[in-house]
């Protein structure tokens, strides 16, 4: 991601937040099955999760003209009303320090097709922002792919853990992949490396997950 593209992306986001308007979104078949709170996170990029839950709680978000709870699962044909939301005026300054990290993500992508994206998450980077963190892998990917309609984590890794991270490009694919993880149709293998001093090294069994 070049510096020019990154700057353009930030300018675009800033312009969109200056004159917010009500947006009506019709849910397509490939967007069905996901929770409304997760859907709003893809639509309101850069908006804190706390604000998303606030507008849901206040009833500012409507589905088919009705209030919904955060766990509501969208169906094809649903009409979602998204209210105007103002984010921090200094959003650009908050994101700018992470532009190098955003650009670096393109170097760790292992595989990508129309449905999924697989990358090697570096140690020290959180998978998503929150709890005092303004940047995570998913925010970086959305900055790297501003044209993407949907990008969501299938699973998570700890901030200090490096390893393969799977990202879905549609709600249906995300539901399918998370379901496969839940029924153990796919395996996650975690290797832990440690350094020991002295002559005795404890025995380690192969971890299961």
Worksheet item: Residue check, residue 45 against (1) at pLDDT below 85; (2) out of contact with any helix residue (DSSP H, G or I) (no Cβ under 7 Å at 6 or more places or on another chain); (3) part of a loop (DSSP other than H, G, I, E, B), all met but one. Which one?
Response: (2)
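Here's the yes/no breakdown for (1) surrounded by 14 or more Cβ atoms within 10 Å (Cβ to Cβ); (2) at pLDDT 85 or above:
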position: 89; (1), (2): no, no
position: 93; (1), (2): no, no
position: 101; (1), (2): yes, no
position: 110; (1), (2): no, yes
position: 114; (1), (2): no, yes
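The values are calculated or read from the model by the stated rules, or taken from the named source; none is laboratory data. Predicted model only: the values in this text are computed from it and were never measured. Here Cβ is always computed from backbone atoms with ideal geometry, including for glycine, and neighbour counts include all displayed protein chains.
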